[in-house]
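Student: Input: one structure, supplied below.
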Amino acid sequence: MKTFKKKFQTKTKMEKEVYFLNKLSSYKYFPKVVSVNKDTNELEMSFCGNVLEEGSEPRLWRKQTKEIISILEKESIYHNDIHDENFLYKNNKIFLVDFGRATENKEAFPFLNVSSSCLDDCDSFFHVFLHAEKNFKKIHRV
Ligand SMILES: Nc1ncnc2c1ncn2[C@@H]1O[C@H](COP(=O)(O)OP(=O)(O)O)[C@@H](O)[C@H]1O
Ligand SMILES: [Mg+2]
């Protein structure tokens, strides 16, 4: 199996990401934890593909992105960093990565979140991130 290694600045940050990935391990849209190295602060996880280019998003983007956001809502997880580089694509499947800023029950900085209902009025995959930025601006009053 192809894997991806992410190095963290601190063990606490790595453990936080591991916590959320394990909480989401029964769903298919997130990386699976393969190994955790507490000496080097390296997390090895399943390889989830590459970032999407604007205009090349798969036809299934809306259904899958909506499912991803619905799962987070069901699990009371706020990702807080919903932007294009944290969505990857492999074998017709979209993945959400990077739970480095995630929180439970209450959203937190930088407040880049979207609700599953707003997916219906998105014309394209990249439109989703404008909604996340709107939420950011609402909270930061900019
Ligand atoms: N599981 C993964 N499979 C493939 N690429 C990944 C994976 N996790 C992260 N990446 C790549 O590394 C980049 C940075 O990882 P990320 O978890 O977003 O950390 P950060 O943004 O905090 O540096 C991502 O944008 C993506 O391109
Ligand atoms: Mg990232």
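The values are calculated or read from the model by the stated rules, or taken from the named source; none is laboratory data. No experiment lies behind these values; they were computed from the predicted model shown. Here the Cβ positions follow ideal geometry from the backbone for every residue, glycine too, while neighbour counts run over all protein chains shown.
Student: Anything in the range 54-103 that is more than 9 Å from ligand 1 (Cβ to nearest atom), on the phi > 0 side of the Ramachandran plot and not small (Gly, Ala, Ser)? List them, or say none.
Tutor: 80, 91, 92
Student: Which of the following residues is of a type in the set (A, V, I, L, M), under 24 Å from residue 123 (Cα atoms) and within 16 Å of ligand 2 (Cβ to nearest atom): 71, 94?
Tutor: Details: 71 fails: within 16 Å of ligand 2 (Cβ to nearest atom).
So the residue among 71, 94 that is of a type in the set (A, V, I, L, M), under 24 Å from residue 123 (Cα atoms) and within 16 Å of ligand 2 (Cβ to nearest atom) is 94.
Student: Any idea which of (1) within 11 Å of the chain's Cα centre (by Cα); (2) of a type in the set (D, E, K, R); (3) exposed (fewer than 14 other Cβ atoms within 10 Å of the Cβ) is the one residue 106 doesn't satisfy?
Tutor: Evaluating residue 106 over (1) within 11 Å of the chain's Cα centre (by Cα); (2) of a type in the set (D, E, K, R); (3) exposed (fewer than 14 other Cβ atoms within 10 Å of the Cβ) leaves (1) as the failure.
Student: Scan the range 55-73 for residues that are surrounded by 19 or more Cβ atoms within 10 Å (Cβ to Cβ) and of a type in the set (S, T, N, Q) and jot them down.
Tutor: 64, 65 - these are the residues of the range 55-73 that are surrounded by 19 or more Cβ atoms within 10 Å (Cβ to Cβ) and of a type in the set (S, T, N, Q).
Student: What pairs come out if I take residues in the range 2-15 that are under 23 Å from residue 50 (Cβ atoms) and free of Cβ contacts under 8 Å to residues at least 12 places away in the same chain and pair them with residues that are within 11 Å of ligand 1 (Cβ to nearest atom) and not in a strand (DSSP E or B) whose C-beta lies under 8 Å away, six or more apart or interchain?
Tutor: none
Student: Also, quick follow-up: Which members of the range 74-91 meet the condition of being in contact with a Leu (Cβ under 8 Å, 6 or more places away or on another chain), over 19 Å from residue 124 (Cα atoms) and either buried (at least 17 other Cβ atoms within 10 Å of the Cβ) or of a type in the set (Gly, Ala, Ser) (or both)?
Tutor: 77, 78, 79, 80
Student: Of a type in the set (A, V, I, L, M), within 21 Å of residue 92 (Cβ to Cβ) and modelled with pLDDT under 95: which single residue out of 60, 24 fits that description?
Tutor: Every option except 60 fails the conditions.
Student: Taking the residues in the range 34-57 that are more than 19 Å from the chain's Cα centre (by Cα) and at pLDDT 95 or above as candidates, determine which candidate is nearest to ligand 2 (Cβ to nearest atom).
Tutor: It comes out as 41.
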